[in-house]
1. Using the structure shown, decide if Arg390 is more than 21 Å from His60 (Cα to Cα) and not hydroxyl-bearing (Ser, Thr, Tyr).
2. Conditions first: (1) closer than 24 Å to Val258 by Cβ; (2) modelled with pLDDT of 95 or more. Thr158 passes all but one, so which condition is the exception?
3. Look at the range 433-467 and say how many of its residues are in contact (Cβ under 8 Å) with a residue 60 or more places away in the chain, of a type outside the set (Ser, Thr, Tyr) and surrounded by 14 or more Cβ atoms within 10 Å (Cβ to Cβ).
4. Say we look at the range 482-536 and pick out the residues that are of a type in the set (D, E, K, R) and in a strand (DSSP E or B); which of these is surrounded by the fewest Cβ atoms within 10 Å (Cβ to Cβ)?
5. Select, from Ala492, Ala453, Ala471, the only residue that is of a type in the set (Gly, Ala, Ser) and under 30 Å from Arg240 (Cβ atoms).
6. Please enumerate the residues belonging to the range 397-419 that are in a helix (DSSP H, G or I) and modelled with pLDDT of 95 or more.
7. Just a yes or no: is a residue in the range 543-550 of a type outside the set (D, E, K, R) and closer than 30 Å to Arg80 by Cβ?
Amino acid sequence: MAGLLDASVLADASKPKAKRQRTISTRVAFLLLFAARLLSVYFNIVHDCDEVLNYWEPLHYLLYGYGLQTWEYSARYALRPYLYLLLHTTVAAPAALWFGSESGKVAVFHITKASLAFFSAVSEALLFRAVHRHLSPAIARMFLLLLCVSSGMFTSATSLLPSSFTMYALTAASAAVLNSDHRRVMLYAMVGVIWGWAVAGIAFLPYAVLLLLVGNPMVYLPAGVVFVTGTVVPMIGCDRLFYGKWTFSLWNFVRYNVFGGGDSALYGVEGPSFYMRNGLNNLNFILPLGLIYPLVALLDLCQVTGNEWRPRVLIALSPIYVWLAPSQLCRTRRERFMYMCLAAAATLASFRTLTSTILGKLFSRSFARWISRGATAVVVIAIVLLSLSRSIALVVNYGAPMRLYTQLPQIPEEANTTNSDVVSVCVGDEWYRYPSSFFLPGSAYRLQFVESAFDGMLPIAFNASQGGTAASPPQLNDKNEGHPDTYWNSTADCHFMIVLQQADEPPPDPAHWEVIAKEPFVEASRSPPLWRALYIPVLSAQHIHWTHYILLSSKTLVDRHKNINTESIGSA
């Protein structure tokens, strides 16, 4: 959608039929987008422990009756809305009934992500259709290509995060702005902010300005009341049901993160350059092309006339600029803060119209067109190759934890007949790369934390006997202070252990542990940043240094389970 103010966009509509550009139907665009998102479902890793601990784990608890609880889900703080999780149980619960509570949980995990892929593709297809109808088929095709290959969309579109949910809403709202459908703009904005990520409300401010400037308050006020009631009331009802008291998680979250009610910097901070570095990693040339768009539009402003849609297009694209400015002042280190801008940034990358606008002021139109076509081809090929390289690098370099957890052996249920016979899967320093309880192959399996160099707060298991979601466990606090009760007895009581073994570390004690699986994982301290960020066949292997994720099995405890299982089968 970049270069939307270029006169060549308007010229498309006046071309003879025989010379009009080829078009792609919305249905085909949706299928292409959905296929790209399904690739993310299958290959994409979980990038953030916040996604696992604050969303996949409580969702697992709602489905199977066990999972990990963070302090944000303690009824004392009640920062996270259960309504967001309930929306996903509409897909996950039937899948859980069908696939069961054993190894089929991985299928439930991927089916849930597939539903995210579907809604992401729908929102993107809506914006594609709006671009195609109101701007030009050429821009729509470029937009579609960038959405399909963007590494940023690959990582964010299928993440179980409110920020990704808000990205869907923002994308759909942008389409509604282009379509002049103000009621839907209001609806998508309220759903995205209230049911998704409240902090993203600042990105929707331009749309609020649009409604105030062009709308009739007497028309939109009643609709706004209906939309607010329809989104807030269910959320408060869910908070009351799950937290066991009247509370409003949305307000609790905003108060903690925005109005100084807490210190979100306790959980990791980065400098102002983090967003730009992260944006370049995941958007490569798309980001700078998007950032220079206002300058190109300003250069073209005095020459293009008759564009009544100009203010609407600028408003449709403005959330990325409105959001980027305050995000540079935010110290919290969370990559997903960029997610809601990805779809908007991709719409800015129609490089051909940008170069035509600039070169057309210096050279003849035919020469400018020839140069712009060649330059566009080079840049687009570079964007595609860099995007694919980045996506592959993420999977190859950092995918070891998810691959390793799928190799946990399944111990038969009949071998675990008492509460003391829980199958313990232990982790130490690498607890934050746990991909969720969906990857534990049976209902007897539990993740346990053993003491390590990390001394901050760890999650604990939801405890139904103490109130479940309505409990306020004393081990959880808002100061990121560790508690001794969160640790497992000792490594001697671990059936399995997952460790990251450095190249210079001695092997595990062979008398107690058996290595049953290992997966390569990039060693960041010895691998150059460029080669960690991008994957280049043959060359990457020459520059990357590896450690290994290792799955260890306790020879004593696991053998004991096998013996019990053998005896029970024999006695039967």
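1. Taking the combined requirement at face value, the residue satisfies it.
2. Evaluating Thr158 over (1) closer than 24 Å to Val258 by Cβ; (2) modelled with pLDDT of 95 or more leaves (1) as the failure.
3. Of the residues in that region, 15 qualify.
4. Residues of the range 482-536 of a type in the set (D, E, K, R): 485, 493, 504-505, 509, 514, 518-519, 523, 526, 532.
This time we only want the ones that are in a strand (DSSP E or B), so: 514, 518-519.
Details: Glu514: 13, Lys518: 15, Glu519: 18.
Here the answer is Glu514.
5. Numbers: Ala492 fails: under 30 Å from Arg240 (Cβ atoms); Ala453 fails: under 30 Å from Arg240 (Cβ atoms).
Unique residue meeting the criteria: Ala471.
6. Step one: filter the range 397-419 for residues in a helix (DSSP H, G or I), giving 397-398, 400-405, 413-415, 419.
Once the filter is applied, which keeps residues that are in a helix (DSSP H, G or I) and modelled with pLDDT of 95 or more, the range 397-419 yields Asn397, Tyr398, Ala400, Pro401, Met402, Arg403, Leu404, Tyr405.
7. Residues of the range 543-550 that are of a type outside the set (D, E, K, R), as a first pass: 543-550.
Imposing the further condition that a residue be closer than 30 Å to Arg80 by Cβ reduces the set to 549.
Checking the range 543-550: at least one residue is of a type outside the set (D, E, K, R) and closer than 30 Å to Arg80 by Cβ.
The values are calculated or read from the model by the stated rules, or taken from the named source; none is laboratory data. What you see is a predicted model, and the numbers here were worked out from it, not measured in a lab. Counting neighbours? That spans all protein chains shown, and the Cβs are built from the backbone with ideal geometry, glycine included.
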